[in-house]
1. Starting from the Cα-Cα distance between D213 and E146, subtract it from 0.36 nm times their residue separation and give me the gain in nm to one decimal.
2. Over all alpha-carbon pairs of the stretch 50-200, lay out the pair-distance distribution in 5 Å bins, whole %, shortest bin first.
3. Kindly flag which residue pairs out of K254/K310; K256/K310; K114/K176; K141/K310 have an alpha-carbon separation exceeding 24 Å in this structure.
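All of the numbers you see were taken from the coordinates with simple rules; none came from a lab. Note that the coordinates shown come from a computational prediction; the quantities given were computed from them, not determined experimentally.
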Amino acid sequence: MFIKNKYKLRHNLNFQTKNANEMGPLSNPKSEYNTPWLYSYNRNSFGFRSAEFHENTELVALGCSHTYGVGMPVEYIWPSFVCDITGIKDCVNLGMPGSSIFFQVRLLANYINKYGPPKIVLANFPDLNRYEAVDDDGDIKYGSTEDVWFEDFSKSPAYAHFQSLQALNFLEALCKSNNIKLIWQFWAGVGNDVGNLRAILGELKDNFSRCIDLHNDNKWAVSHQFFKFNKKRKELMYSGRSPMVPCCNSLYAKTKDCFHFAYDRYNVLSRYENIYIEKDLLENELYDTINSNPGMNAHLGAHSHWHWAKNLTENI
């Protein structure tokens, strides 16, 4: 394919964030209300929710919005939990909302090229259905074979799977050649076609020696279908089974409001996007909007983040 704008393509392949909107005050200003009394996004000079990039990094975290921590206070996202569990103080978070495995591995390669290899890479990947495509103008389009929120739908599942699997193959080779301790998993044990994921991994297990399965996710995973609005408390409640295991009781006490699902379940009317309004007004809007759109796109909460972190750290 002839690329008309080669400069633009080179720029897109450099160490940049996915799009200009992610440099603003919100990760997704079209659907997420800014609730500074609950959490905020503090970004580094490259636009990542991370410490500034530097040489001799101890730990790099890879992933999509669940690594970035959309809707979550930073202290309750899985990279922070990893640091709490292991005592690691130096962590760079390369998580980027909506990104594919291919995109995430490309970020790591660019990071290593500029700052050198980290000691450890931990990755919490989405499914295999996300991909990248380049148009004739050199613009990188972010696609998915399943999710309607992406901007490109031109590729087949076979294409997306092939691109993702090639990226995973490159990731393992990259880390091995740079003497990097690598552990990676799919977070998609919740609400996704995890059966197909595990079938694919089972067939290709010999190719991916650094991949691990989620442990006991059938016991702690939650489902979006159990959202229910509590009129008395004026909040969205999880009404399904509450899979509490002993290790999570203290976490639940600290994170009741975002234990099962992140705060981005509070989708308010678009006329309030990027505008600070009083908390009482927000609560009134929640009563109307949650009933009509009960948080189906909310990100997973502190409970899932804890288990993702625990699963990864047990294999370091």
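1. Numbers: separation 67, 0.36 × 67 = 24.12 nm, distance 2.27 nm.
Contour length minus Cα-Cα distance gives 21.8 nm.
2. So the P(r) values, bin by bin, are 2, 9, 18, 22, 20, 15, 10, 3, 0, 0.
3. Details: K254/K310 18 Å; K256/K310 19 Å; K114/K176 18 Å; K141/K310 34 Å.
With Cα atoms farther than 24 Å apart: K141/K310.
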